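Enquirer: Dumping the structure here so I can ask a few things about it.
Read the figures in this text as sums done on the coordinates, not as results from a lab. Nothing here was measured: the structure is a model prediction, and the numbers come from that model. All Cβ positions, glycine included, derive from the backbone under ideal geometry; neighbour counts span all protein chains shown.
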Amino acid sequence: MLRKVHSLCRQRAPAIFSRVYSTDEANTNSSSGAGNSSSRGAGGTKNATTSRLPAIRNPFAAAQEKTKNTYLTMVEIFQERDVHRRNHVEFIYAALKHMPDFGVEHDLEVYKALIDVMPKGKFIPTNIFQAEFMHYPKQQQCIIDLLEQMEDFGVMPDYEMEAMLLNVFGNKGHPLRKYWRMMYWMPKFKNLSPWPLPDPVPDDTLEIAKLAVERMCTVDLRSQLRVYETSELKDALDETWIVSGMSPEQSKLLREHNRQKALYIEGPFHIWIRNRRINYFTLRADADDEFLAQLDERQLDEDDVSHIEVPFFGRAPPRRHNQLGKLRSVHQQDDGTIFAICATGTSTKDSLLSWIRLLESNGNPIIGEIPVLFRFTSTVPAKAQEIEGPATVPATSDNA
C-alpha cells in the first residue's frame with residue numbers, strides 16, 4: 001500500500017510543480033505528453049513522467065516594468081511563496097544576471113535582499129572537515145559569485161552583510177572569508193584616486209565633460225577651465241557647448257610658436273569617467289627638435305645611472321656648469337607640444353572650428369596667423385558628414 005502511495009506522489013509531483021513554476025509552453029508540452037501516454041497505455045507512464053518535467057520560469061525576464069521596486073517585489077514574492085525556498089540558488093543566479101536591466105547593479109540594498117533569500121542556519125558547518133571542504137558547495141559558490149559581482153561593480157559591503165553571512169554560513173564559511181578580504185582591500189582603494197568623483201556621477205554630459213577636462217588639466221595647476229557656447233559666433237552651424245582647458249604657460253608657448261609651422265587638431269581620444277566615456281580633442285604642434293636637442297645637451301639627468309662614473313677609479317666626476325636658458329615645460333613632450341584640449345557636445349568638425357575661433361577671440365589672436373589642420377584618428381560622426389556633405393571626411397582635412 002505504501003509503495004502505491006509513493007509511486008502516485010511521484011507521478012503527480014511534476015504536474016503540480018509545472019502548474020506553479022513552469023511556463024505555458026512547458027504546460028502545453030506536459031499535457032500533450034500526458035495524452036500520448038494515455039493512448040500508449042501503462043507502458044508509457046515512465047516516459048510521460050520524464051517528459052513532463054517543468055522548466056523554471058524566469059520572472060525577471062518577463063517583467064514589464066524594469067524598476068528597483070519591481071525587482072525587490074519579485075524577491076519578496078519568492079521568499080513568501082515557499083517555506084523551504086526551493087530553487088533559491090537558481091533564483092539568485094537569475095536575479096544577478098538581470099540586475100543591469102533593472103539598473104540595480106550598484107545598489108547594496110538589492111544584494112542584501114538576495115542574500116536574505118538563503119535559508120538560515122542550514123548551511124553552517126559542524127566540524128572542521130565540513131568547514132575546510134566547503135560544506136554545501138553549490139550554495140556557498142552562489143554567494144561567492146554574488147560578492148564577486150559586487151566587487152566588479154565597485155559596491156562595498158557593510159557590517160550588516162557580515163551578520164547576514166554569519167547567520168547563513170557561520171564563521172567558517174567561505175563566503176564570509178571572501179567578505180573579509182573585500183572589507184580589507186576595498187576601503188583602501190575606494191578613496192585612493194587623486195581625482196575624486198561625485199557618487200553618483202551626474203547624468204548631464206556637460207558636467208561629465210567638465211570633470212574629464214579638469215582631470216586632464218591637473219598636469220598644470222594654473223590651467224583654466226572655460227565653457228563656451230557656439231551660439232556666440234555668427235557663422236557657427238552646430239549649436240552646442242565646448243569645454244576648453246588651457247593654462248597661461250600654454251598661451252605663452254602658443255605666442256612663441258613659429259608662424260610657418262602648422263597647428264593640428266587631433267582626436268577624438270577617449271577618457272572614462274567611471275562608466276561614461278567622453279571624447280576630447282587636442283590642439284598641438286610638432287615637437288621643436290632643435291630646442292629639445294639643446295636642452296638635452298645642457299641638462300644633466302640626475303636619475304640616469306646608465307653611464308655613472310666612479311670617482312675612485314679614474315678621473316674626477318665633471319662639475320655642473322651654471323648655464324642660463326629655457327626650461328622644458330610639461331606641455332612640451334617628445335612627440336609634440338600641447339596647447340589646449342577641449343570636449344564638445346557633438347564632436348563634429350564645425351564645433352572644433354568654433355573652438356578655434358573662440359580661442360582666437362579670447363586672448364590668443366596668434367591663432368589667426370597660423371594654419372590649422374584637422375587630423376582625425378577615427379571616423380568622424382555622421383553629423384559632421386552631414387555638415388560637410390555626402391563625401392567622407394579624410395583622416396587629415398584641409399586648413400581651417
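Enquirer: Sorting Thr240, Thr344 on the 10 Å Cβ count, fewest up front, what's the list?
Expert: Ranking Thr240, Thr344 by Cβ neighbours within 10 Å, fewest first, gives Thr240, Thr344.
Enquirer: A follow-up question, please. How about region 111-151: which trypsin sites (Lys or Arg not before Pro) there lie in a loop by DSSP and see at most 13 other Cβ atoms within 10 Å?
Expert: For trypsin sites (Lys or Arg not before Pro) across region 111-151 that sit outside H, G, I, E and B with at most 13 neighbouring Cβ atoms in 10 Å, the list reads Lys120, Lys122.
Enquirer: Related question: Hey, with R₀ at 56 Å, roughly what FRET efficiency would Phe153 and Asp303 work out to, going by the Cβ-Cβ distance, to 0.05?
Expert: The calculated FRET efficiency here is 0.90.
Enquirer: Let me ask something additional. Under 9 Å from the Cβ of Val330, count the other residues' Cβ atoms, weight Lys and Arg +1, Asp and Glu -1, and hand me the total.
Expert: Net local charge, Val330 excluded: -1.
Enquirer: Which of the GluC sites (Glu not before Pro) found in region 57-158 are loop residues per DSSP with 15 or fewer other Cβ atoms within 10 Å of their Cβ?
Expert: In loop regions of region 57-158 (DSSP not H, G, I, E or B), the sparsely surrounded GluC sites (Glu not before Pro) are Glu65.
Enquirer: Please compute the length gained on full extension between Tyr93 and Leu221, using 0.36 nm multiplied by the number of residues separating them and subtracting their Cα-Cα distance.
Expert: 41.3 nm
Enquirer: Quick check: net charge around Gln149, other residues with Cβ under 11 Å of its Cβ, Lys/Arg +1 and Asp/Glu -1?
Expert: Cβ neighbours under 11 Å give a net charge of -4.
Enquirer: Quick one: which residues, 5 or more positions from Gln224 or on another chain, have an amide H under 5 Å from its amide H? H modelled 1.01 Å from N in the peptide plane, none for Pro or chain starts.
Expert: Here Met246, Ser247 satisfy the definition.
Enquirer: For the pairs Lys261/Lys349; Lys122/Lys178; Lys68/Lys122; Lys97/Lys190; Lys112/Lys178, flag any whose C-alpha to C-alpha distance is greater than 23 Å.
Expert: Exceeds cut-off: Lys68/Lys122; Lys97/Lys190.
Enquirer: Give the order of Tyr111, Tyr228, Tyr93, Tyr264 when sorted by the count of other beta carbons within 10 angstrom, beginning with the fewest.
Expert: Tyr93, Tyr264, Tyr228, Tyr111
Enquirer: Using a 7 Å offset from the Cα along the Cα-to-Cβ direction at both Ile128 and Met186, what is the distance between the two label points in nm, to one decimal?
Expert: 3.2 nm
Enquirer: I want to check the label-to-label distance for Ala287 and Ser361. Put each point 7 Å from Cα in the C-beta direction and report it in nm to one decimal.
Expert: Each label point is offset 7 Å from its Cα along the Cβ direction, giving 3.7 nm.
Enquirer: When the Kirkwood hydrodynamic radius is evaluated over all pairs of different C-alpha atoms of region 61-190, what value in angstrom, to one decimal, is obtained?
Expert: 15.2 Å
Enquirer: How would Arg81, Arg276 line up from fewest to most surrounding beta-carbon atoms within 10 angstrom?
Expert: Arranged by neighbour count, lowest to highest, Arg81, Arg276 become Arg81, Arg276.
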